[in-house]
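The values are calculated or read from the model by the stated rules, or taken from the named source; none is laboratory data. What you see is a predicted model; the values in this text were computed from it and never measured. Backbone-built Cβ (ideal geometry, glycine too); neighbour counts: all protein chains shown.
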Ligand code: GLN
């Protein structure tokens with residue numbers, strides 16, 4: 001397969017680490033600042049950061065409609081942490097701009113103050129088995145309270161859904177770009193290859 005171009009929305013948040021791991025996986029990672037640049041992309045990553053800020057900047061910079069069009073065109077989109085929140089159709093509290101692409105309900109900062117940030121080993125469907133779990137980094141992470149019937153649960157922690165997929169849309173509550181383990185990015189690149 002030719003080198004796929006994957007955009008990483010670069011309005012706010014953890015952009016550089018995604019670009020690095022994409023390059024390490026043999027893809028071309030591009031930091032996106034303008035909606036017109038979405039045309040270059042065969043896949044898109046919405047990074048972690050602060051979802052209220054990212055959502056407001058998406059509206060201000062004219063990304064909302066373009067991202068809906070991208071999703072309708074079947075371009076795979078992967079949201080990590082704050083990216084998961086903006087991809088959700090519903091959040092449990094508050095009012096902030098959401099793309100609302102995926103049939104999930106996200107709970108922001110769900111793991112509470114005492115465990116703002118932590119790492120744990122996860123089993124992830126189709127990605128990481130029990131013998132070789134995925135080291136997942138959670139930073140003021142959300143979890144998923146409800147999933148719609150078309151949503152595949154791919155990972156759970158403490159009985160809470162922390163990774164899921166619906167067609168060309170993938171979300172994780174944790175940050176896979178912060179460890180050397182590239183299995184989640186490779187899984188996403190596989191989705192991109194299947195879609196193209
Ligand atoms: N707590 C952030 C939010 O609610 C998400 C944190 C992250 O992306 N690491 O937007």
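Observations
- Filtered residues of the stretch 39-64 (kept if more than 16 Å from the ligand (Cβ to nearest atom), at pLDDT 95 or above and surrounded by fewer than 21 Cβ atoms within 10 Å (Cβ to Cβ)): 42, 60, 61, 62, 64
- Selection from the stretch 159-168 of residues that are surrounded by 17 or more Cβ atoms within 10 Å (Cβ to Cβ) and touching a strand residue (DSSP E or B) at 6+ places or on another chain (Cβ under 6 Å): 161, 162, 163, 164, 165, 166
- In the stretch 1-20, residue surrounded by the fewest Cβ atoms within 10 Å (Cβ to Cβ) [restricted to those that are part of a helix (DSSP H, G or I) and away from the ligand (no atom under 16 Å from the Cβ)]: 20
- Single residue of the stretch 65-83 satisfying the filter (assigned to a helix (DSSP H, G or I) and more than 13 Å from the ligand (Cβ to nearest atom)) that is farthest from residue 191 (Cα to Cα): 65
- Within the stretch 84-97, if we keep just the residues that are assigned to a strand (DSSP E or B) and within 14 Å of the ligand (Cβ to nearest atom), the residue that is nearest to residue 149 (Cα to Cα) turns out to be 88.
- Checking each residue in the stretch 26-54 for being touching a strand residue (DSSP E or B) at 6+ places or on another chain (Cβ under 8 Å), closer than 27 Å to residue 108 by Cα and not in a helix (DSSP H, G or I) picks out 31, 32, 43, 44, 45, 46, 47, 48.
- Exactly one residue out of 124, 70 is buried (at least 20 other Cβ atoms within 10 Å of the Cβ) and closer than 22 Å to residue 160 by Cβ, and it is 124.
- Residue ID - nearest to residue 62 (Cα to Cα), chosen from residues in the stretch 98-117 that are more than 12 Å from the ligand (Cβ to nearest atom) and over 16 Å from the mean Cα position of the chain (by Cα): 115
- Checklist (1) in a loop (DSSP other than H, G, I, E, B); (2) within 16 Å of the ligand (Cβ to nearest atom); (3) free of Cβ contacts under 8 Å to residues at least 60 places away in the same chain applied to residue 141, failing item: (3)
- Residue list for the stretch 148-158, restricted to those being crowded, with 17+ Cβ neighbours inside 10 Å and either assigned to a strand (DSSP E or B) or within 16 Å of the ligand (Cβ to nearest atom) (or both): 154, 155, 156, 157
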